[in-house]
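Colleague: Got a structure for you, written out below as structure tokens; questions coming shortly.
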Amino acid sequence: MCAKREAVLFFMPTYRGFHTAAWRAETDIEHSVEMDFSVVRRQVQLAERGKFHAAFFADGLVVGMGPADVSLDALSRTTAGSKWEPLTLLSALAACTKQIGLLGTASTSYSQPYNIARMFASLDHISGGRAGWNVVTSAHPKVGLNFGDEALMPHDERYALGEEYFDVVTGLWDSWEDDAFLRDKVSGRYFDPAKLHALNHRGKYLSSAGPLNIARPLQGHPVIAQAGSSAPGRAFAARHADVIYTMQAEIAQASAFYSDVKNQAAAAGRNPDHVKILPAVIFSVGHSMVHAEDKLAKLDALVDPVVGMELLGAVLKMDLTPFPLDGPLPEVPVDQSGSRTTQQYFVDIARRDKLTIRQLIQVMARVSSIAGTATSIADRIEEWMEAGAADGFNIQFANDEDSLPIFVEEVIPELQRRGLFHNEYRGKTLRENLGLPRPSNRFVSKADGASVMQLAPADN
């Protein structure tokens, strides 16, 4: 009998929870200030106690909800107004954790590659090799207004920029060879100048001379994550990502995505096992199914209809007001600018379950949360793993404060009992814990099989 594959589990803290109304259910936690670091610290430390491989933090560069553009009235009824800056937050968390990976989001459309390379290299050193970069191209239509550009780049052009940006960042990480620093007191030579390399990149979108003014990251490159499911997004992920976040409503769709990306990775010369595909799943975890469903129902009762209607219309990129709430979802035009993955996810759910607009609003408020116990959640994880639909999951909760503790205390032991999850961290770095190779330095030798295969030195 073949041994079961162990799942990779990431935890995605949201401060309160993914359910739209999670903040209205708060009882024992009252925040005297809006951003309370102690809450996030406690959650990530608890996830580390449960042996989660990493904590992953999303980000947005506007006062808004993901790719959605909603009115100020609707927005004022949500928690989307205030967000942590990921790199600052992760640096603080690195000081109060020891083993859990720390992944943060940074946009290739609205940042400079030299700064991003430097910040993630710093985080990797601060954390002892636990850093990861979630590469995004940004999809909110109003982000550009905060950075001097009024128009959002077309979807495919953003990915073209992202490709060049990634090449620059990884090239800058390779500026120093691993043994460049001699610290030879006798000769007076601190580093070997032959082992310091300028990138001298000048491309279609970007220019950067280099070298980077910080030693090569402990992991070689921080772990790379990517979340796009469009054709350009899949191609980028297959060539470069170590971890891929995805959203599919059904196991068949997830299996098809899994096979496609793994095949593309193999075609790019990579080992498909070094590309970890983690579908997102949101749980309301209970000691019993009644407990889990009751918690979810209480959150549902707190949903503001103004938020639900506007958010659905914004994500689908169409005005739903002309259509009856209790009628079927009309044909939805494919979004040409923003987040196609999110749009298609909710369209698929509506078609699959024959939902009315009102029912789809309810699903969106829940963000497709699933009520579950240790047994049912372990069953789901095992089913998807055995079906070849996932290498693990990006675990999220309808309400972080009342579901994460039960997940750690009850679900994790059940997964371990079934041989589906590790009992201890296997290494010191995130790459070691994920079973990923350390990338070679592009200036030293050609890599074999890792994401650096495509990273030739840039033309002068």
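Colleague: Residues that are in contact (Cβ under 8 Å) with a residue 24 or more places away in the chain, among the acidic types (Asp, Glu) and within 29 Å of His125 (Cα to Cα): find the helices (runs of 4 or more DSSP H) completely inside the range 36-95 holding 1 or more of those.
Modeller: Values: elements: 37-49, 72-75, 86-94.
By residue number, 37-49.
Colleague: For the condition part of a helix (DSSP H, G or I), among the hydroxyl-bearing types (Ser, Thr, Tyr) and within 26 Å of Arg380 (Cα to Cα), what is the one hit in Tyr245, Tyr258? Can you show your working first?
Modeller: Working: Tyr245 fails: part of a helix (DSSP H, G or I).
Result of the check over Tyr245, Tyr258: Tyr258.
Colleague: A follow-up question, please. Kindly indicate whether Leu355 is out of contact with any Leu (no Cβ under 9 Å at 6 or more places or on another chain) and modelled with pLDDT of 90 or more.
Modeller: On the way: out of contact with any Leu (no Cβ under 9 Å at 6 or more places or on another chain): no; modelled with pLDDT of 90 or more: yes.
Considered against the rule, which asks whether it is out of contact with any Leu (no Cβ under 9 Å at 6 or more places or on another chain) and modelled with pLDDT of 90 or more, Leu355 comes out as no.
Colleague: Thr137 versus (1) within 22 Å of the chain's Cα centre (by Cα); (2) over 24 Å from Tyr245 (Cβ atoms); (3) crowded, with 24+ Cβ neighbours inside 10 Å: which is the lone unmet condition?
Modeller: Unmet condition: (2).
Colleague: Let me ask something additional. Please state which of the following conditions Pro279 fails to meet, knowing it meets all the rest: (1) part of a helix (DSSP H, G or I); (2) buried (at least 20 other Cβ atoms within 10 Å of the Cβ).
Modeller: (1)
Colleague: Let me ask something additional. Can you name the residue in the range 146-185 that is out of contact with any Phe, Trp or Tyr (no Cβ under 8 Å at 6 or more places or on another chain) and without any contact (Cβ under 8 Å) to a residue 12 or more places away in the chain and is also nearest to Asn200 (Cα to Cα) among such residues?
Modeller: Here the residue is Glu157.
Colleague: Inspect all residues belonging to the range 115-133 and state whether any of them is part of a loop (DSSP other than H, G, I, E, B) and under 22 Å from Met364 (Cα atoms). Give the steps one after another, and end with the answer.
Modeller: Applying the first criterion (part of a loop (DSSP other than H, G, I, E, B)) to the range 115-133 yields 128-130.
In the following step, the residues that additionally are under 22 Å from Met364 (Cα atoms) were identified as none.
No, that holds for no residue.
Colleague: Any idea which residue in the range 186-209 is surrounded by the most Cβ atoms within 10 Å (Cβ to Cβ), counting only those that are under 25 Å from Leu161 (Cα atoms) and free of Cβ contacts under 8 Å to residues at least 40 places away in the same chain? Explain how you work it out, then say what you get.
Modeller: So in the range 186-209, the residues under 25 Å from Leu161 (Cα atoms) come out as 197-209.
From what's left, free of Cβ contacts under 8 Å to residues at least 40 places away in the same chain: 198, 207, 209.
Numbers: Ala198: 17, Ser207: 12, Ala209: 12.
Per the stated criteria, the residue is Ala198.
Colleague: Are there any pairs with C-beta distances below 9 angstrom linking a residue in the range 395-419 that is under 12 Å from Arg49 (Cα atoms) to a residue that is of a type in the set (Val, Ile, Thr) and crowded, with 17+ Cβ neighbours inside 10 Å, with the two at least 6 apart or on different chains, and if so which?
Modeller: Note: pairs meeting the criteria are Leu404/Val285; Leu404/Ile395; Pro405/Val285; Phe407/Val285; Phe407/Ile377; Phe407/Ile395.
Colleague: With small (Gly, Ala, Ser), within 14 Å of Gln344 (Cα to Cα) and surrounded by fewer than 20 Cβ atoms within 10 Å (Cβ to Cβ) as the only criterion, which of Ala254, Ala267, Ala231 stands out?
Modeller: Among Ala254, Ala267, Ala231, only Ala231 is small (Gly, Ala, Ser), within 14 Å of Gln344 (Cα to Cα) and surrounded by fewer than 20 Cβ atoms within 10 Å (Cβ to Cβ).
Colleague: All but one of (1) of a type outside the set (S, T, N, Q); (2) part of a loop (DSSP other than H, G, I, E, B); (3) at pLDDT 95 or above; (4) surrounded by fewer than 19 Cβ atoms within 10 Å (Cβ to Cβ) hold for Lys446, so report the exception by its number.
Modeller: (3)
Colleague: So which residues in the range 282-312 are of a type in the set (Gly, Ala, Ser), surrounded by fewer than 20 Cβ atoms within 10 Å (Cβ to Cβ) and modelled with pLDDT under 95?
Modeller: Our first condition is that a residue be of a type in the set (Gly, Ala, Ser); within the range 282-312, this holds for 284, 286, 288, 292, 297, 301, 308.
Those left that are additionally surrounded by fewer than 20 Cβ atoms within 10 Å (Cβ to Cβ): 288, 297, 301.
Ala297, Ala301, listed by residue number.
Colleague: Also, quick follow-up: Check Pro405 against each of (1) modelled with pLDDT under 90; (2) surrounded by fewer than 18 Cβ atoms within 10 Å (Cβ to Cβ); (3) under 23 Å from Met12 (Cα atoms) and name the one condition it does not meet.
Modeller: In the conditions (1) modelled with pLDDT under 90; (2) surrounded by fewer than 18 Cβ atoms within 10 Å (Cβ to Cβ); (3) under 23 Å from Met12 (Cα atoms), Pro405 misses (1) alone.
Colleague: Then there's this: Considering (1) more than 20 Å from the chain's Cα centre (by Cα); (2) in a helix (DSSP H, G or I); (3) crowded, with 21+ Cβ neighbours inside 10 Å, say which one Ala371 fails and leave the rest.
Modeller: In the conditions (1) more than 20 Å from the chain's Cα centre (by Cα); (2) in a helix (DSSP H, G or I); (3) crowded, with 21+ Cβ neighbours inside 10 Å, Ala371 misses (2) alone.
Colleague: While we're on this one: Please specify each residue of the range 282-308 satisfying the condition of being under 18 Å from Tyr345 (Cβ atoms) and either without any contact (Cβ under 8 Å) to a residue 60 or more places away in the chain or among the hydrophobic types (A, V, I, L, M, F, W, C) (or both).
Modeller: The initial filter retains those residues of the range 282-308 that are under 18 Å from Tyr345 (Cβ atoms), namely 282-283, 308.
Ile282, Phe283 - these are the residues of the range 282-308 that are under 18 Å from Tyr345 (Cβ atoms) and either without any contact (Cβ under 8 Å) to a residue 60 or more places away in the chain or among the hydrophobic types (A, V, I, L, M, F, W, C) (or both).
The values are calculated or read from the model by the stated rules, or taken from the named source; none is laboratory data. Because the structure is a prediction, the values reported are computed rather than measured. Note: ideal-geometry Cβ built from the backbone for every residue, glycine included; neighbour counts use all protein chains shown.
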